[in-house]
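Quick notes on the structure that follows.
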């Protein structure tokens, strides 16, 4: 198992800054020559308090449907909280030692709470994606004194299956909390993995090109995310333990509604990351926690993402 971990690991990428429907997530795996099926649970928590002493809601605020919140004029102080939960079934199939295809089918549950009172919950199938990945460089040295390297390029497509027209009291809720986007979007990725003895580093970057939803007259801004993790793998009695720490940065362009940029969209976030994975025979168990270090979101109405976490189990097979 230690040898397997040393020669093959897949990239880790989490969702974009505004919502869990804007980008993609792929888990680590200990063997890049095996097929796999995974069940992942992801959760994101965002909140912000709007105080009447420092912020006066106006009619203009209600015009931005993607702004994260629509302030209620009858309330003085308002604490808006949103949770984004995804149950994701993930599959990986290897056509060769260099080429693999990844597929994801998410189930979404998003919730909004204002001043402790639940406003609504959105449940349903989200937007799945399919991505192909090709190893340009793939060394397999078994000598512990030599470094192994992986350079992988990938491309894929997000399929618009999730609903994007959930309404509350006859009004369409913000686009970023909907289950889907209603658009065919395109995914690009590049990964680099370096491994020496039991230690290693992993760098990944992803870019998502969004298209226009004609029915909603809305277009999410393109997003990107970058991960840098350091890991250590230790095998004890056929069980491989792999803790890792690092950072995660994501950036999004402003969205466009009715051919106008939305001021309360886009920006950047920086997270600190800590994770732990356990590998035994054909099974992998993982847990990951990300704490927001820097929120630099555009406008005044976007909620601040506080943290995100993921847990999951994977079965590997030939």
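The values are calculated or read from the model by the stated rules, or taken from the named source; none is laboratory data. What you are looking at is a predicted structure, and each value in this text was computed from that prediction instead of being measured. We place every Cβ from the backbone using ideal geometry, glycine too, and count neighbours over all the protein chains shown.
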Looking at the range 105-132, which of its residues are touching a residue at least 60 places away in the same chain (Cβ under 8 Å) and over 18 Å from the mean Cα position of the chain (by Cα)?
112
Which residue is farthest from residue 266 (Cα to Cα), if the candidates are limited to the range 198-234 and must be surrounded by 15 or more Cβ atoms within 10 Å (Cβ to Cβ) and without any contact (Cβ under 8 Å) to a residue 24 or more places away in the chain?
205
Criterion (buried (at least 19 other Cβ atoms within 10 Å of the Cβ) and either at pLDDT 90 or above or in contact with a strand residue (DSSP E or B) (Cβ under 7 Å, 6 or more places away or on another chain) (or both)) met by exactly one of 101, 89, 69
69
Does residue 184 satisfy the condition of being modelled with pLDDT of 90 or more and over 24 Å from residue 223 (Cβ atoms)?
no
Entirely in the range 81-179, the strands (runs of 3 or more DSSP E) that have 1 or more residues that are out of contact with any helix residue (DSSP H, G or I) (no Cβ under 9 Å at 6 or more places or on another chain) and at positive phi
117-125
